[in-house]
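The values are calculated or read from the model by the stated rules, or taken from the named source; none is laboratory data. A quick note: this is a predicted structure, and the numbers were derived from the prediction, not measured. Every residue, glycine among them, receives a Cβ derived from its backbone with ideal geometry; neighbour counts consider all protein chains shown. Heads up: the accessible areas ignore ligands, DNA and RNA and are worked out on the full protein's heavy atoms, side chains in. Shrake-Rupley method; radii C 1.70, N 1.55, O 1.52, S 1.80 Å.
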Amino acid sequence: MHASLHLRRRRSTVMVTEMKRASVQEELRKNPQLKQEDIDAMREWVETQTQLPDITDLTLVLFIHCCFYDIEIAKKTLLKFYNFQYNVPQICLNRDPSNEEIVQIAKAVGIVILDGRDRNGNVVVFQRLIDTNPACYNMDLTVKLSHMLSTIWQLENGTAQGTVLVYDQRGFGLSHMARGSLSSLKNMIHYVQECAPINVVGIHVIYTNAVIDAILSLFKPFMKSSLYKLIKTYREENLQEFYNIIPQEVLPKEYGGQQVSLEELSEIGYNKLMAYREFFLEEDTKIMEAAAMAKSKNPGFFRTVGSWVGLGE
C-alpha cells in the first residue's frame, strides 16, 4: 500500500495551475471545418429534446468535432452519451472527488493526460497501476476517474485532434479482471466506442505478457473491429517501437521522459479534481434532475440493450 501517497494528498504542496476554460470562439479558430451555423443547428435541435439537461455550446462543439462534423451522427452520439449518463451511475454519478471510493481509486490507479503529444499531434492518456493489490482495483471506478479527468481536460482545452490510450500492464493480471463484472467490461467498451466525445486513434498496451494477451482477447467480442484493430501490444524488449510513436520525452521520468513521475502527475491530477469539486457536484445534480425528468416524460429513452444501455440502433 502507498500510505505515503495518501499523506501527500492530505498535505500536498503540488499546486494546481489557475483554471482556464476553452471557448467556442477558440474552437472556431482552431477547427476550420467547424461552422457557427452547425453549432446553431445543433442548439436548435437540443432545445427540442426534453430528455436532455442544459448543455453548453462547448459540449456541442465536442460532439460535432468527434463525429467529424456530421451533425446527424453528432446528435445520435450525444443522445447515447446522456443515455449512458442516466443509466450507469456507478461511472457517471457520485463524482465528488473527496468521496472515499474516488480517493482510494486515485491512489491505486495512476491516470494522467500528458502535456506532450504523440508524433502525430494526438493527446496521450497514460494509465498504470500504482498499487498492484487486486483488492484496491475497481473497473467502474477506474473508468469514472478517467471520465472525470477527461471532462476537466476538455473544459480547459476543448477539442483534440485525436486521443491515444496507453496502458502499462505491469502488475495487472487475471485477479484484477476478476474484480470487475461482465457488465462493467461492456460498459467501459460501450462508453469509449459509442458515447465519449473523443476520437480514439490508437491504443498502446506496453509491458505485455501471455496473461495480458489472454485478457485482451476477452475484449474482442465486445469491440468493433475498427477499434480492436487500433490495439498494439509491446513486450519489454520491443518498447523502442512504442517510443517511435510516443516520444519518450513526453512520458513520466521512470520511462526516460522529461516529466515528473507518474505518481506525482497522478497527484497533480487528483488535486485538480478537488479544484473542480463544486463543478462535479453541480453536474451530478443536473444529471440526476434531467434523468428524473426524462424518465417521466420520455421513458423510452431508458431502453436497455442486452445488459448495457444504448439506443438500440
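Computed values, structure above
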quantity	calculated
Residue match in segment 46-65 (condition: in a helix (DSSP H, G or I), at negative phi and free of Cβ contacts under 8 Å to residues at least 12 places away in the same chain)	no
Any pair with Cβ under 6 angstrom, 6 or more apart, that starts in segment 252-269 at a residue that is buried (at least 22 other Cβ atoms within 10 Å of the Cβ) and ends at one that is part of a loop (DSSP other than H, G, I, E, B)	P252/S261; E267/V14
Out of I245, I231, I287, sole residue that is touching a residue at least 24 places away in the same chain (Cβ under 8 Å) and closer than 21 Å to L145 by Cβ	I287
Long-range neighbours under 6 Å by Cβ, at least six apart or interchain, first residue without any contact (Cβ under 8 Å) to a residue 24 or more places away in the chain and over 14 Å from I113 (Cβ atoms) within segment 150-171, second hydrophobic (A, V, I, L, M, F, W, C) and open to solvent by less than 20 Å² (accessible area, probe 1.4 Å)	none
Strands (runs of 3 or more DSSP E) contained entirely in segment 85-177, each with at least 2 residues that are of a type in the set (S, T, Y)	163-168
Output for segment 34-55, where each listed residue is surrounded by fewer than 17 Cβ atoms within 10 Å (Cβ to Cβ) and either polar (S, T, N, Q) or closer than 22 Å to A160 by Cβ (or both)	K35, Q36, T48, Q49, T50
Residue list for segment 193-244, filter: surrounded by 12 or more Cβ atoms within 10 Å (Cβ to Cβ) and assigned to a loop (DSSP other than H, G, I, E, B)	A196, P197, I198, N199, Y207, T208, N209, M223, L230, R235
Filter pass, K76 being part of a helix (DSSP H, G or I), of a type in the set (D, E, K, R) and crowded, with 19+ Cβ neighbours inside 10 Å	no
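Conditions tested, residue by residue: (1) open to solvent by 40 Å² or more (accessible area, probe 1.4 Å); (2) without any contact (Cβ under 8 Å) to a residue 40 or more places away in the chain; (3) under 13 Å from the mean Cα position of the chain (by Cα).
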{"residue": "L93", "(1), (2), (3)": "no, no, no"}
{"residue": "N99", "(1), (2), (3)": "yes, yes, no"}
{"residue": "I102", "(1), (2), (3)": "no, no, no"}
{"residue": "A108", "(1), (2), (3)": "no, yes, no"}
{"residue": "V123", "(1), (2), (3)": "no, no, yes"}
{"residue": "T132", "(1), (2), (3)": "yes, no, no"}
{"residue": "V143", "(1), (2), (3)": "no, no, yes"}
{"residue": "H147", "(1), (2), (3)": "no, no, yes"}
